[in-house]
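The values are calculated or read from the model by the stated rules, or taken from the named source; none is laboratory data. Since the model is a prediction, treat every value here as computed from it, not as a measurement. Every residue, glycine as well, gets a Cβ built from its backbone with ideal geometry; the counts of neighbours run over all protein chains shown.
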């Protein structure tokens with residue numbers, strides 16, 4: 001019989017619930033009112049750190065919406081615009097993404113007229129809404145955080161231009177803008193640190209929602225799905241350790257449980273998962289520097305982030321640090337947290353990985369110790385060792 005590959009939770013892209021153990025990500029939405037966004041024709045923002053379930057939620061919600069007869073939703077990633085700040089290049093790429101994703105999900109593919117890039121997005125969304133009439137159109141834009149400069153401003157401005165005319169056959173009735181940070185942060189950065197004013201493209205947003213981490217009971221519910229399917233159990237101490245080390249960060253939870261059941265234990269094993277298995281999985285994960293953890297090193301290239309993390313790890317934080325923009329950036333990226341009024345690194349695994357990265361250059365600068373009591377054949381030179389003791393005393 002062919003072995004079935006199991007993942008505990010998918011946080012990086014499209015996810016088939018039949019192939020994964022997962023919890024409905026909409027249960028972790030904070031600050032969202034999904035029922036209002038369609039009926040009241042609202043635009044809104046969802047921001048949360050990478051690999052916390054944003055894409056999984058968007059595509060899950062899209063499927064739920066499309067079961068009905070009155071509304072059509074489509075997921076669209078604009079990740080191909082990363083590193084393209086010029087509107088002249090980025091807007092056509094967004095239009096191509098809209099056409100590609102609409103075709104992928106079996107929807108009518110819109111066309112863009114001969115307008116300039118500064119009107120092309122408005123045009124293609126209007127055409128798309130017309131093609132789908134008499135159903136309303138909802139667009140879920142993912143990876144908006146990659147947009148920058150004039151590309152971001154033009155993107156938002158064209159959405160605002162269509163906002164007043166939104167409706168069936170005219171323009172999307174609701175749009176979700178999804179990324180790692182709230183949109184006002186990107187606009188502020190684009191404007192050289194000046195906050196957006198009431199006339200900015202930002203002013204059509206209704207809500208800013210986010211996704212919380214797993215709670216302890218969520219992790220237990222997640223593993224219970226495996227127990228129900230395979231009979232494999234996990235000890236209470238192991239579940240506690242998973243939460244303590246991850247603080248509920250979904251990618252870490254997934255990685256720990258997957259490694260423990262598929263690498264530390266054999267994939268076909270039904271032995272009970274213990275805290276020792278999770279500890280071994282943790283060690284493997286840190287040493288392997290998987291993509292998620294390796295990305296922390298990239299974050300530390302930003303001197304603002306590095307300064308905050310160094311301060312927290314050395315135990316010498318600035319009392320006013322939590323009020324500054326660099327700390328809020330780290331908070332949005334999921335690198336730090338505030339518990340009982342005290343800022344700290346988000347979880348012990350991040351703390352270890354970041355500490356290793358910060359001290360890496362120092363470690364390389366330390367010369368290897370000279371081992372003076374070893375013979376050429378690798379055995380211990382007892383005479384030299386005895387003389388060293390005599391010289392010391």
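Summary table
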| item | result |
| --- | --- |
| Residue match in the stretch 205-212 (condition: in the same structural domain as residue 72 (by TED's automatic domain parsing), touching a helix residue (DSSP H, G or I) at 6+ places or on another chain (Cβ under 6 Å) and either more than 19 Å from residue 47 (Cα to Cα) or at pLDDT below 90 (or both)) | no |
| Only listed residue being farther than 19 Å from residue 213 by Cβ and either assigned to a loop (DSSP other than H, G, I, E, B) or touching a helix residue (DSSP H, G or I) at 6+ places or on another chain (Cβ under 9 Å) (or both), chosen from 313, 338, 349, 278 | 313 |
| Residue satisfying condition, being crowded, with 19+ Cβ neighbours inside 10 Å and either closer than 18 Å to residue 20 by Cβ or assigned by TED's automatic domain parsing to the domain that holds residue 233 (or both), within set 253, 275 | 253 |
| Some residue of the stretch 94-116 being at pLDDT below 95, in a helix (DSSP H, G or I) and out of contact with any strand residue (DSSP E or B) (no Cβ under 9 Å at 6 or more places or on another chain) | no |
| Residue match in the stretch 52-62 (condition: free of Cβ contacts under 8 Å to residues at least 40 places away in the same chain and either in a helix (DSSP H, G or I) or touching a strand residue (DSSP E or B) at 6+ places or on another chain (Cβ under 6 Å) (or both)) | no |
| Counted residues, the stretch 1-47 - those being part of a loop (DSSP other than H, G, I, E, B), at pLDDT 50 or above and more than 30 Å from residue 166 (Cβ to Cβ) | 7 |
| Yes/no for residue 285 being touching a residue at least 60 places away in the same chain (Cβ under 8 Å) and over 18 Å from the mean Cα position of the chain (by Cα) | no |
| Residue count for the stretch 341-357, restricted to those that are under 19 Å from the mean Cα position of the chain (by Cα) and buried (at least 19 other Cβ atoms within 10 Å of the Cβ) | 7 |
| Scope the stretch 303-334; condition touching a residue at least 60 places away in the same chain (Cβ under 8 Å) and in contact with a strand residue (DSSP E or B) (Cβ under 8 Å, 6 or more places away or on another chain); matching residues | 332 |
| Sole residue being assigned by TED's automatic domain parsing to the domain that holds residue 141, at pLDDT below 95, outside any loop (DSSP other than H, G, I, E, B) and closer than 19 Å to residue 54 by Cα, chosen from 161, 185 | 185 |
